[in-house]
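Taken together, the values in this text are just the output of simple stated rules run on the coordinates, not laboratory data. Please read these numbers as outputs of a predicted model, since none were measured by experiment. Positions of Cβ are generated from backbone atoms using ideal geometry, with glycine treated the same way; all protein chains shown enter the neighbour counts.
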Amino acid sequence: MRVLVTGGAGFLGSHICDFLINRGDSVICVDDLSTGRPANIRHLLELPAFEFVKADVSAGLDIDRPVDAVAHFASPASPPDYHQRPLETLAVGSRGTEHALRLADRNQARFVLASTSEIYGDPAVHPQREDYWGNVNPIGPRSVYDEAKRFAEALTMAYRRTLGVNTGILRIFNTYGPRMRPHDGRVVTSFITQALNSDPLTIYGDGSQTRSFCYVDDLVRGIVAMIDSSEAGPVNLGNPRERTVSELAELVLAITGSPSAVEYHRLPVDDPTRRRPEIAKAQRELGWLPQVDAEEGLRRTVDWFRSRPDEVAAAATLVAGEQVGGSGAVAFGQLQAS
């Protein structure tokens, strides 16, 4: 297949490009590099099966080569990014999604949308199943991301029902692994960066809030299975093993051997208290289950960060002073003032 991946130079997008290239597909990677990094795809640039197009999909998607599938992963995804780029986040979820859908429609191609567990907001149902409509604040500091993805899902289903586009929706839960930016403000990267720099690990709230952490290799297998299927979704992808943020901090400290202390601070606005995916649908329709446990995944991730000491050290000055929440959320007021 020839697969177009928007956001293909980002954390998830670049791993998707790798997987597709390694199995023999060709890839058109589209990214404006606002949050993606050239280093993530540098090893692919000389391959004849790989093409990079620097473009903002919110402004259009003028690709004149035929494609068999479109994987729409372009969007700021970490809280600091979408707080700093609120209008761009809304634009890529709306105009960007429509441009990607139009391309899929013109090519009669499979379209897969990267949606998010943020669809569920601070959930009143646990674990979260795909038929749960969510508990989302539409005007809160996180709403630019939440509502961009909710609109993208609605638009995707409208194209499917109205125009017959072969669409699929994935709701992705917390994912981690190599190529995450050390200063991206997510809880895993924040804890690892702080631990490697011997800085205090900052937990916002009492640490009892839970998340489910999925290693990137597992997630990419599920994404590609969705591309290969005709499943409409939405389908949850994430590791159903639920951990508290305090447990995650203890695990990072044990793996890194860091002497860092743990500090507790005020919980940010709209920070979800519990997150765990129900993945029976992914098992049934995609034959997918995560395989990498948190200890092994975190060791691989810590090793990757350790191999980049300059980035980790530089990130300390960026992370310091930010109100990073238990889920990696940044308190809006302090971020705006920083």
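Data table
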| read-out | value |
| --- | --- |
| Helix-derived mean residue ellipticity, 222 nm - over the chain, DSSP H n ≥ 4, -39500 (n - 2.57), to 500 | -11500 deg cm²/dmol |
| Most positive-pole-ward Cα, W304, F52, A195, against dipole of the chain from beta carbon charges | F52 |
| Part-to-part distance (alpha-carbon centres) for region 1-16 and region 49-73, which is given in Å | 10 |
| Selected from Y176, A315, S14, residue furthest toward positive end of dipole (the chain; charges at beta carbon) | S14 |
| Paramagnetic label zone (point 7 Å from Cα along Cα-to-C-beta, R106; backbone N under 11 Å) in region 127-167 | none |
| Ranking of I169, I255 by count of other Cβ atoms within 10 Å, fewest first | I255, I169 |
| Relative contact order (percent, whole number), region 8-156, Cα cutoff 8 Å, 6+ residue spacing | 21 |
| Fraction of the pair-distance distribution of region 85-234 above 25 Å, Cα-Cα pairs, percent | 38 |
| Residue order, fewest to most surrounding Cβ atoms within 10 angstrom, among T301, T97 | T301, T97 |
| Check: region 1-97 dipole with +1 on Lys, Arg Cβ and -1 on Asp, Glu Cβ, in debye | 120 |
| With 10 Å bins from 0: P(r) over region 219-274, alpha-carbon pairs, percent | 16, 30, 28, 20, 6 |
| Two-decimal log10 I(q)/I(0) for the chain, as the Debye equation yields it once each C-alpha is a single scatterer, q = 0.13 Å⁻¹ | -0.95 |
| Region 17-104: radius of gyration and largest Cα-Cα distance (Dmax), Å | 13.4, 38 |
| DSSP beta bridge pairing in the chain, given as percent antiparallel to the nearest 5 | 10 |
| Size of charge dipole - the chain - debye, nearest 20, with Cβ of Lys, Arg +1 and Asp, Glu -1, no other charges | 400 |
